[in-house]
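The values are calculated or read from the model by the stated rules, or taken from the named source; none is laboratory data. As the structure is a computational prediction, the values presented were derived from the model and not from experiment. Cβ placement follows ideal geometry from the backbone for every residue including glycine, while neighbour counts extend to all protein chains displayed.
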């Protein structure tokens, strides 16, 4: 029996690390945003990266099935071409497509990764030029690379019928990325409620970092990977891949009163929902 899996989250929540771990397993092909990853290096692109489709499906959920149907042939062709027991892709762009995945691949396994919203905002907000892995909205005035401009086109923002839509351009980068984190997690949680519990695994990033062997063993059991874990995989469990070396924002205690207020306004409710405490 072969297993098809998907993993998603807000981004900056361990997706690249997980793809490296799973791709080091025998009889397994785990892509990251459609590409082969060896640590942080980029290999061949097997599946299209759903950049523009990400925003289209969020803005108008009724077209998600249509957009995903156009993408399915790539998945099916690669699943057949690479004769492995475990095949999957890990990307934040699947967030608006989870209902479509459930409909089109009812037996597929889905892993939901999430992390503390404060740490997401700190990790996704950067002045680094260029940003090699753009996930969050950039600070105002930041010079953007061609890749960053393209990713910006597909990043979700409030829909036209949302009162926040008209205010969006005037918001701080903290407010925008707090909203991005909360809204991405909201739509994921909402869609996963439709799935059979046996087909969903939720992984808290902080647990993954503090107890990597325990959490990864749980992921292997969820995917029904039964062969012994390799030496290469064990080595990757002790490494940190795609970690920011510099941060645009300091630690929470040093945030300005305005930045804290912006964050709590847009992400406070989701922080509580995901059991993260915030010491104001």
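Below is a table of values for the structure above.
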read-out: Count of segment 125-155 residues which are more than 21 Å from residue 168 (Cβ to Cβ), within 19 Å of the chain's Cα centre (by Cα) and surrounded by fewer than 16 Cβ atoms within 10 Å (Cβ to Cβ); value: 2
read-out: Filter result (assigned to a helix (DSSP H, G or I) and under 23 Å from residue 63 (Cα atoms)) within segment 96-122; value: 96, 97, 98, 99, 100, 101, 102, 103, 104
read-out: Conditions (1) closer than 16 Å to residue 17 by Cα; (2) part of a helix (DSSP H, G or I); (3) touching a residue at least 24 places away in the same chain (Cβ under 8 Å): number failed by residue 244; value: (2)
read-out: Some residue of segment 254-266 being modelled with pLDDT under 95, exposed (fewer than 13 other Cβ atoms within 10 Å of the Cβ) and either within 21 Å of the chain's Cα centre (by Cα) or assigned to a helix (DSSP H, G or I) (or both); value: no
read-out: Meets criteria (surrounded by 12 or more Cβ atoms within 10 Å (Cβ to Cβ) and assigned to a loop (DSSP other than H, G, I, E, B)) for residue 249; value: yes
